[in-house]
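Down below is the structure, laid out as structure tokens.
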Amino acid sequence: MDLKPGSRWKSAVCSAEVVVVRPPKEAVSLECGGQPMLAFAAERPAGLSPAAGQDGGVATGKRYADPDTGLELLVSKAGQGSLALNGKPLALKEAKALPSSD
């Protein structure tokens, strides 16, 4: 998988779509719902659904990141499948706390 900044990917098992914000430092396998994600222009195979335990879903506008590889994704379309990197679930990236203005 060639995850370049700005590249778009979609799930093979649900409606989820993501945009790469920061690419990983190494070659990885990006997955959604237990299946490898597809390039945005590729056709989704018919009849697939998220695997058991991989159906937590993703929300539009949320960022998911992996601190070990540096990968950061932005969800552009919500879906039922959960995002994973090399089989390891991706964590929702929390917003940074701003300093108080007292």
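Bear in mind that the values in this text are calculations on the coordinates, not laboratory data. Since we're looking at a predicted model, the values are computed, not measured. Positions of Cβ are generated from backbone atoms using ideal geometry, with glycine treated the same way; all protein chains shown enter the neighbour counts.
For the reader, a short list of remarks on this structure follows.
- Kirkwood analysis of the chain, using all unique Cα-Cα pairs, places the hydrodynamic radius at 13.7 Å.
- Ranking of Val19, Val13 by count of other Cβ atoms within 10 Å, fewest first: Val19, Val13
- Spin-label model distance (nm) - Val21 vs Asp55, 7 Å beyond Cα toward Cβ: 2.9 nm
- Relative contact order for the chain, counting Cα pairs under 8 Å that sit 6 or more residues apart, in percent: 31 percent
- Inter-part distance, region 75-102 to region 1-50, computed on C-alpha centroids, equals 16 Å.
- If you take all other residues with their beta carbon under 13 Å from the beta carbon of Gly61, and give Lys and Arg +1 and Asp and Glu -1, the sum is +3.
- Computed from the Cβ-Cβ distance with R0 of 41 Å, the FRET efficiency linking Ala46 to Ala97 stands at 0.35.
- Among the lysines of the chain, pairs that are 8 or more positions apart or on different chains and have alpha carbons within less than 22 Å of each other number 19.
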